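Asker: The structure follows.
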Amino acid sequence: TGGMDVIFALQGDPSLFVASAASQLLVHMLTFSLESETKALSTKDSDWPACAQMIVKHIEESLQSSSASHIEQSLKLLSSLFSSCFGNCYAAWTEVLWLNIEKQIESFLLEETVQAQPVLANLLLNVARSPVFCGTEGSFWALVTSALEHLTPAQAGPLAVGLLKLCKCPQDVRIQALTVLLQPMDCILRAASQPLEYAGLLDESVSDPVTVESLLSSKTSCAGLLCQTLAHLEKLLSLKHLRVDLPCVSLLRSLMTILQFCNGFLSPTSPLGSTISRNLINCFRVQKSALDVLAALSEKKDCDTLIGNLFDVLLAYLHSPNTSPTVLKKTFQATSKWLVHLQELSCSNSQWQQTEKILEDVFLVLQKRLCSPCWEVRDSSLEFLTAMVKSLRDQKEFRQSLLSSEVLRLTENLLEDPESYVRASAVTAVGHLAFITCFAPESPVIGNQYNKENIVAKLQEILSADSEGFPRRAVISMFTTWLREGCTGQLEDTEQFVSRVIQTVEHDLDWEVRLGGLELVEVFCSQTICQLSPCPYAPVSSAVTSSTPQNELLQVFCRAKLFGFLFRSLCDCDKPVGQRACDVLIGLRGHFYPMSTLENPQEIKDSPAGRGIAWLQRTLRQGSLAQNFPTGGGDGVDFQDPESMMLALGAIDLLELHDELNKSSDHVEESPQSLLQDILATVGTIEDNEVDCY
């Protein structure tokens, strides 16, 4: 009825959203019309349903059109079609469709006048993922090989990395795809020194090396090509199973060469190397991309022979005043990962002296960076310190280098930094350093200012007094980490510690701090239950009743003032806080009432605490609690009375509260009735419209 022509026309709509939707609609119509056939589909598209024939004819005519936009529209339509046709049920007709257009696609690769190469690469990748072409033979893979040869490096890169991710791809095509990706890196290595001092990355190229050389020689294309190549290599290095071998040593040499070109520390002898070096000097984009790949390479075991040279490059970046804050942050991240690799290496082959020298140099430059006038640099330095402590705190050489430096003192000074981000990072760093200075079995004697009591007091002062939210969030997160690691002492000490902390965070204006307090409470409850609950397999004396550990648990939680904090948090004005409090209370109820043996409401009503619990339930339903509670009598409830809290856990419908808290704030406005009312209000309440809606 002409509807198809309208959809075909909308493929060229100026709105990308409309054009994409029209293309997707045609894909659905084609697959639907072919799937709806009850009889077996013919291998000739002339016998297909009328709708499918119209769409296929439109595709073929558009591909043969002289209009570049029509060609591109059809290529995008085909790409969408093959990306959605993964099931074997599509195999027969997708193969017929592809065989009809294959020659035309091949001609596009060879015609320089056609400007649809990026779309072509995407189409070929989607076809390669189709089950029809998962075999290793056939003309399709020859076409893919041709594409890798004829597309520009920038166009072939996404196709190459996509092919390397495929499970079923001929090995010769994989090797060719990897060669395409490594070509720019090989060119860098060869340009750095002529004659070539070390082995290159490639024995031979897929396409003409002059193309890559000309792109790297151009100021406008050099950085773009390298950034794209490096991004693809980082993706490959993140794969658990790569079905081709990466030449990691040569790749690492190439990365170090790029970084030395960028900061001017390498003076190449070849004309090409000099040109590339000028193009890359102080190029932050390339530096960051190269450092990302460098960090990913730390997982590989083949680069040990270059580790000394690598740290020379990294330390040069850490020392250089020309290193921008963002590049410095990336350098810290790469250095942290390679330090872990270095530590593993020194443990296996006794290279202690090299490790000690590198660590000494790292801490010297870290001391300098912690005093930087730039707050981003101070912040990145603290994050780097924290990452090192997390990974290396058990290593003797690391602890010795740390304690013999000024890093501890400088880090503690930054707890008073004028910038709140830096104070937050300092809190995290000091908290993790405490695992070495305070909580280790054999903590070093380094002065009273680093003992446990002083560190806890300083962080609690920040929690209660810092004007910004970031440092306070960092403190409550660090306290929770300590608690998880069992660093807060015996149960009595932990109880007092948790009680002090939650009394502080309860009144904090930052909801994330209050939420952090609830996480602390959850960890405390879990650990206390594990400590005080009897082992289920241990013999129990007849004199010991099952209520004894329950009573003790309740008393601990009441003394720590947990229940007041939890019940008040249920009515917090910030929903995530209420949801978390409800989750914790439901968990506690699951422990105290394991078989859902909830209290009889009449028993509660008749009990001395019943009136208070009934008041609490009514108040929770209303969604607000007073800040101060009577501790007995009247309509109040005593949150430090174990019996009352046991009754409250059994009586209050926490699951109903949970459902209420998890409703979206606009659940009424998003109801079907509300949406229909909006439609009617927009189009007018004409009788036909009303019938359509309802």
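Asker: Please compare each pair in K368/K390; K235/K301; K168/K240; K301/K390; K168/K235; K301/K368 to a cut-off of 27 Å on the Cα-Cα distance and tell me which ones are over it.
Answerer: Violating the 27 Å limit, Cα to Cα: K301/K368.
Asker: Jot down the per residue volume, in cubic angstrom and as a whole number, of the convex hull over the alpha-carbon atoms of segment 1-151. Numbers along the way, then the final one.
Answerer: On the way: hull volume 16.8 nm³, N = 151.
Dividing the Cα hull volume of segment 1-151 by its residue count gives 111 Å³.
Asker: Protein chains only, probe 1.4 Å: how do R618, R129 rank by accessible area, largest first? The partial results should precede the final answer.
Answerer: Numbers: R618 120, R129 100 Å².
Largest to smallest exposure gives the sequence R618, R129.
Asker: Given points 7 Å out from each Cα along the Cα-Cβ axis, report the F17 to S274 separation in nanometres with one decimal.
Answerer: Those two pseudo-labels are separated by 5.5 nm.
Asker: Next question, about the same structure. Which semi-axes, in whole Å and largest first, does the equivalent ellipsoid of segment 282-440 have when worked out from the alpha carbon gyration tensor as the square roots of 5 times its eigenvalues?
Answerer: Working: eigenvalues 112, 87, 31 Å².
Equivalent-ellipsoid dimensions as semi-axes: 24, 21, 12 Å.
Asker: Using each residue's phi in segment 318-324, evaluate 6.51 cos²θ - 1.76 cosθ + 1.60 at θ = phi - 60° and report the 3J(HN,Hα) Karplus result to the nearest Hz, with x for Gly and Pro.
Answerer: 5, 7, 5, x, 7, 6, 5
Asker: By how many nm would the segment from S84 to Q53 grow when fully extended, if each residue of separation counts as 0.36 nm and the alpha-carbon distance is taken off? It would help to have the intermediate numbers written out before the result.
Answerer: Numbers: separation 31, 0.36 × 31 = 11.16 nm, distance 1.91 nm.
Taking 0.36 nm per residue and subtracting the Cα distance, the gain is 9.2 nm.
Asker: Let me understand segment 491-535 better: what is its radius of gyration from the alpha carbons, and its Dmax, in angstrom?
Answerer: Values for segment 491-535 (Cα only, Rg and Dmax): 11.9, 41 Å.
Asker: Please work out the FRET efficiency for the pair L403 and F284, using the Cβ-Cβ distance as r and a Förster radius of 25 Å; give the result to the nearest 0.05.
Answerer: Efficiency, from the Cβ-Cβ distance: 0.10.
Asker: What figure in square angstrom, to the nearest 10, would you give for the accessible area of K301 with a 1.4 Å probe?
Answerer: 130 Å²
Asker: Between S139 and A68, what length comes free when the chain is fully extended (0.36 nm per residue of separation minus the Cα-Cα distance, one decimal in nm)?
Answerer: Numbers: separation 71, 0.36 × 71 = 25.56 nm, distance 2.58 nm.
Roughly 23.0 nm would be gained on extension.
Asker: At a probe radius of 1.4 Å, what is the per-residue accessible area of F470, in Å² to the nearest 10?
Answerer: So the heavy atoms of F470 present about 80 Å² to solvent.
Asker: Here is a follow-up. Write down the radius of gyration of segment 227-340 and its Dmax, each obtained from C-alpha positions, in Å.
Answerer: Computed over the Cα atoms of segment 227-340, radius of gyration and Dmax are 13.7, 42 Å.
Asker: OK, next. Which ³J(HN,Hα) values in Hz, rounded to whole numbers, follow from the phi angles of segment 64-78 under the Karplus curve 6.51 cos²θ - 1.76 cosθ + 1.60, where θ = phi - 60° and Gly and Pro get x?
Answerer: Karplus-based 3J(HN,Hα) across segment 64-78 equals 8, 6, 8, 8, 4, 5, 5, 4, 5, 4, 5, 5, 5, 5, 5 Hz.
Asker: Under a plain spin-label model, where a point goes 7 Å from the Cα along Cα-to-Cβ, how far apart in nm are K300 and D312?
Answerer: Label-label distance for K300 and D312, simple model: 2.0 nm.
Asker: For segment 651-661, what does the Karplus curve 6.51 cos²θ - 1.76 cosθ + 1.60, with θ = phi - 60°, yield as ³J(HN,Hα) per residue in whole Hz, taken in order and with x for Gly and Pro?
Answerer: Values, residue by residue: 8, 6, 7, 5, 5, 5, 4, 4, 5, 4, 5 Hz.
Asker: Which value in nm describes the separation of the simple spin-label points at E360 and N454, placed 7 Å from the Cα toward the beta carbon?
Answerer: Computed distance between label sites E360 and N454 equals 2.7 nm.
Asker: When the chain is fully extended, how far beyond the present Cα-Cα distance does C530 get from H241, taking 0.36 nm per residue of separation? Write down the numbers at each step before the final one.
Answerer: On the way: separation 289, 0.36 × 289 = 104.04 nm, distance 4.03 nm.
Extra length available between C530 and H241 comes to 100.0 nm.
Asker: Rounded to the nearest 0.05, what FRET efficiency do D583 and D510 give with R0 = 22 Å and r taken as the Cβ-Cβ distance? Could you check? Intermediate values should be presented prior to the final figure.
Answerer: Working: r = 20 Å, r/R0 = 0.91.
The calculated FRET efficiency here is 0.65.
The values are calculated or read from the model by the stated rules, or taken from the named source; none is laboratory data. Computed from a prediction, not measured in an experiment: that's the story for all the values here. Note: ideal-geometry Cβ built from the backbone for every residue, glycine included; neighbour counts use all protein chains shown. For the accessible areas, the whole protein counts, side chains as well, though only heavy atoms, and no ligand, DNA or RNA atoms are used. Shrake-Rupley method; radii C 1.70, N 1.55, O 1.52, S 1.80 Å.
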